[in-house]
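Note sheet for the following structure.
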Amino acid sequence: MSKTPHLHRRLMALCAALSFFASFPAHAFLGPSVNHPERHWQEISTPHFKIHYYQGFDQLAKLAARVAEEGFEKITADLGVAPQEKISLIINEDEFWNGFAEPARNRIVLDPRFALEAPIGINRFLLHEMTHIFNFLAVQRGLFGSNLFKSAGLPAWFAEGLAQYEAEYWASENDRMLRLHLLNRSLLTPAERNAFTALSGKGSEGYNEGYALVKFIFESYGREKLPELLQTYRNLSGDFYQAIQLTFGKPLLQIEADWRQALEERTREQIEARSETLSQAQALIPFRTNRTWYLPKPSPDGKWLAYQSTGGYPLIRGQIYPVQPLMIANLNQLKAYGEQERQKENQKKSPQPEPTQPPEIQEPGFKTPANPPEKLELDKIQNKLVDRVTDYAWAPDSQHLAYTLLIPDQFGNTTRTVQILPLQTEKDQLKALGEAETLLPGKTLHSPTWSPAGDKLALVLEENQRDSIIIFDLLNQKIEKTLVTAPDLRQYQALQWSPDGQKIVVEVYLPGEGQNLLLLDAEGQAPSRQLTESSTLYADKQAIWAPDSQSLYFISTRNGFANLYRHKLESRQTEPLSDVYTGLEVPALGQDSLYFIRHHAQGTSLERVALQDLKPGKAEKEATDMPYLADLDKDLTPTGETSPAQAYLPWIGLEVVVPVLSLDEKGDQVGFLAQASDLLQRHSLNVLALYGLVSSRIGFSTAYVNHMFDTSFALEVSDSPLLSFATDGSAYFITRDQQVAFSITRPLFNPGTGDTYATRIRRFASLEISASHQTNLRSELGGLIDDKLLRQGWNNSINLSWNANESIRNNDGIRYNLNLSAGGPWLGSQYSFLAANGNFRHYIPVFGDHTLAYRLDATAMTGDTRPALLGGPPLSNLLVLNFQNIIPLRGFKIAELQGSMMAAASLEYRFPLIKDWNFNLGGHYLENLTAAAFVDAGDAWFPSKRTPYPHIATGIELRSEAVLNHRNSFNLYIGMGKALLGKDIGPYDRGPEFYGGFANIF
């Protein structure tokens, strides 16, 4: 049967109809992962919770049990609903600095490190996620799936704002973010607040504004309105905004206007008597939108300035995410750069014509400068030393840096280590000299500080769920002594050794409570004492020593704003040195200046001020005067009513069943998709079953996937329709594919980064062995084409693949994959073949958000194998034909070119059309409109029929990130391609091809 001119249209329809089956194979559920067979999971049970954890986190599990039970009664009373089944809490390091609730599965996943950090803490973290579970139940109407539909109708600002309102307190950082965005006129629009969790770059602002708005509503109208609002929404057939109107008697737009007016009045009061920044302060690195500079520290010799720098403004509850690259710059050049930028800014504000002097009145001996001063560029001044640094310290000789680095341990779990990097001067830059030395490999260390002599380091050592502060002898490479060990889960950080060598100041906090300052004797002889009073509502942090070792500078939020203070050890008095409303952070002393960062609405600036310009305010004596932990050497994590720990049993339970509609070769199919797994998702069973209403045939696909061992494996059994091509490319048809497949997947050669998931899987290999019996379902082909060309009968094969992803969001780096497939009588197959294909992609940043990208594809086959397919727009990579995709060749028809050999290339230039663009229609959004101009070229051919011929097309695509119903994100694109050259095709033979879709595989 010959191909028709409308082949590509039929193919598109068939691809859509069969995509559900095509996307279901077992290998799709495998995915690359680190499975951690070394973890021994246990479970403890309380009246309302089951806590799942593994070795190393038993104390945190007990604390989580207590916190969860204490929060249960509060949230139940506020939301007017209580779960009938126990909620599962899972403590898992794989969710690096993250956590989430899955209301449909009645479970919460927590990252233990995040739960112990100061910005969050176990209380705020856990109760936040618990509120999502309760909120999900509060809108359930008793009908199947009603909670899914009703919770999906809650705008993001309310869902997340309510979780923060229930779990957290309004901190000074929350206030600062709101205040600066209001002054900058960059508060989110109501549409952006509705869907900020799905919109890029709106997360911090969305959480904060949602919290502020929810807080305003229930403080203005009464907390008792909360269960009333949820009940109204649950029983209402309308949307959430109608429930707002009925509950409060006002539309949401009016409530938001009232909130904004109250916010403006409060902000006026806050800034009226305060300054924007320190008087006489000058910016070394001025503010740039969505750029962050952090933790500046001048070298002891005064020649260099080290600091952290990153794109964006990474905030967690208003505090800067500390994992950033470490930069270093010549301090004099940085001062000149700051002055240059300041002059440029002044010229913009009040441009003045440059004075000219006629040559005839020049003074005797005057010489015109040969060249104007060279323009300084920050990227040429600064030098990146190392990535993923959380803190660091200069050695006294200014020739070494000790820093804390995030790395994966031997099992791929995130840990911290301290390294020492030697430095050398090269052409006005300080660069690394050789490799860094790792201290105490295998140990978790952080917060290094040097002794004045440079022969010792004080460090925090994490061991057995406890923090200790140790002194490390650099000469003998051993721990000299332990100064203090935490009696519970309290954390130590930000150590600073005094210039006289006698004292060390430390930040200390219980997770989720504000930091305070602890003074240690460096010799371990005198008792430790608390310098500042502990409080949940504010923090004393980031202490540095004055040169005389008799006083400390530090940052405190005790008055509701992050400001600079000085504490005098002898008098035990603290005096303010600033009163600004923008917030100061991470002070550092130079020879005559204080360096710090200042917050803006969308980033920071790095500034300095002369010490003599700091004007002290009224001093007050600190309330605390007690030896630290003198009488508190006990476990402060009561367990509450918990059952004894038991080994976790991975029983599989049904999680979701959804109805499915599809098509086979004769008409409609109806059926269901069911997914079942154990609580920790260590193994799962997935079943898709469909019944053909016309064909009266049952189709199914069942996959079992196991992640319990070092290597993942899956077993699939299926009987389903499959879109296929004759081996000579003469016809397409639907075949019945009855298959049994076994596959394994394992990560290989992954160094890990330590800053995303426990280990970012960049490279993995897969092996699949399948036995497949195929039967042609298109009766009109019977007798017209040899069954061998249709590959009817047994098609058994083995497939080996290798995948590597070194790219960053398809903007920088490379990706590639290689596949080798074979079949023959040695596998029980009726057909012998060998096929190899590969794909390579390279993304090259050009400038700004512009990217040059290219893709190369190649396929070579021999024997009885289906052809490679080339042509048409990009299709979702879920539309898989056997083990081949249809490779795009835009401007040509879908699968227009076929053959046992294929080569293709694509070149794109991508650039933003409208940045920070947001268009919404109801609950649906488009944002960040970009364009890509492309040239595609390639050919697919049978060597026995013809030689390869270049097929070339060009065109343009428009792309946007789309959000459906406030939450569901996907890529949307439309494009136009024009064929310019091909076999029997000239530049004017064809008109443009227009296309669109919801996924772009390139």
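The values are calculated or read from the model by the stated rules, or taken from the named source; none is laboratory data. Bear in mind that the values here come from a model prediction, so they are computed numbers and not experimental data. Glycine gets a Cβ as well: all are built from the backbone with ideal geometry, and neighbour counts include every protein chain shown. Ligands, DNA and RNA are excluded from the accessible area calculation, which covers all protein heavy atoms including side chains. Shrake-Rupley method; radii C 1.70, N 1.55, O 1.52, S 1.80 Å.
List the trypsin sites (Lys or Arg not before Pro) within segment 402-478 that DSSP assigns to loop and that have no more than 10 neighbouring Cβ atoms inside 10 Å. Passing both the DSSP loop test and the Cβ count: LYS427. The value for segment 391-613 of Rg(Cα) / (2.2 N^0.38 Å) is 1.03.
Distance between the pseudo-spin-label points of SER969 and SER275 (7 Å out from Cα toward the beta carbon): 4.1 nm.
Note on the chain: with neighbouring protein chains present and a 1.4 Å probe, carbon and sulfur make up 54 percent of its accessible heavy-atom surface. Under 21 Å of direct C-alpha separation, and excluding same-chain neighbours fewer than eight residues apart, LYS50 reaches these lysines: LYS62, LYS74, LYS86.
Only lysines eight or more places from LYS427 in sequence, or on another chain, were considered; those with a Cα closer than 26 Å are LYS297, LYS303, LYS335, LYS375, LYS380, LYS384.
Would you mind working out the accessible area per residue for segment 477-524, using a 1.4 Å probe, and quoting it in Å²? Here the per-residue accessible area is 32 Å². Over segment 41-273, all Cα pairs binned in 5 Å intervals from 0 give whole-percent P(r) values of 1, 6, 13, 18, 18, 16, 13, 8, 4, 2, 0, 0, listed from short to long. Both radii were evaluated on the Cα set of segment 652-708; the Rg over Rh quotient, with Rh as the Kirkwood radius, amounts to 1.11. Axis of helix 156-167 versus longest Cα principal axis of the chain: the two differ by about 50°, to the nearest ten degrees. Accessible surface computed residue by residue for segment 709-999, with neighbouring protein chains in place and a 1.4 Å probe, gives 44 Å² per residue. Using the Cα gyration tensor of segment 709-999, with a ≥ b ≥ c the square roots of its eigenvalues, what is the shape: rounded (a/c below 1.5), prolate (a/b larger than b/c) or oblate (neither)? The shape class here is oblate. Rolling a 1.4 angstrom probe over the protein heavy atoms with all chains in place gives segment 652-708 an accessible area of 45 Å² per residue. Helix 58-79 and the longest principal axis of the Cα set of the chain meet at an angle near 80°. Overall, the anisotropy analysis places segment 923-1002 in the prolate class: the square-rooted eigenvalues a ≥ b ≥ c of its C-alpha gyration tensor yield a/c not less than 1.5, with a/b exceeding b/c.
The gain in end-to-end length when the SER696 to LEU958 segment is fully stretched comes to 90.0 nm, 0.36 nm per residue minus the alpha carbon separation.
The equivalent ellipsoid of the chain has semi-axes of 54, 36, 30 Å, largest first, where each one is the square root of 5 times an eigenvalue of the Cα gyration tensor. Less than 5 angstrom separates the built amide H of GLU655 from those of GLN675, ALA676, SER677, all sequence-distant by 5 or more or on a different chain. Quick one: check the C-alpha center-to-center distance for segment 150-219 versus segment 85-103, whole angstrom. After rounding, the separation between the Cα centres reads 22 Å. Under the simplified labelling scheme, the GLN55-SER200 pair shows an inter-label distance of 4.3 nm, with each label point 7 Å from Cα along Cα→Cβ.
Of all DSSP bridge pairs formed entirely within the chain, close to 95 percent run antiparallel. Counting only Cα atoms, the size of segment 30-94 along its three principal axes is 41, 28, 16 Å, in decreasing order.
A Förster distance of 51 Å, applied to the separation of the beta-carbon atoms of LEU834 and ASP239, puts the FRET efficiency at 0.30.
If both residues of a DSSP beta bridge must be in segment 41-273, then about 50% of such bridges are antiparallel.
With the helix formula -39500 (n - 2.57) applied to DSSP H stretches of n ≥ 4, the chain reaches a computed 222 nm mean residue ellipticity of -6000 deg cm²/dmol. Computed extension gain for TRP97 through ASP668, at 0.36 nm per residue and net of the alpha carbon distance, reaches 201.0 nm. What nm distance separates the two modelled labels at ALA82 and ASP387, each placed 7 Å from Cα along Cα→Cβ? Placing both labels 7 Å beyond Cα along the Cβ direction yields 5.0 nm.
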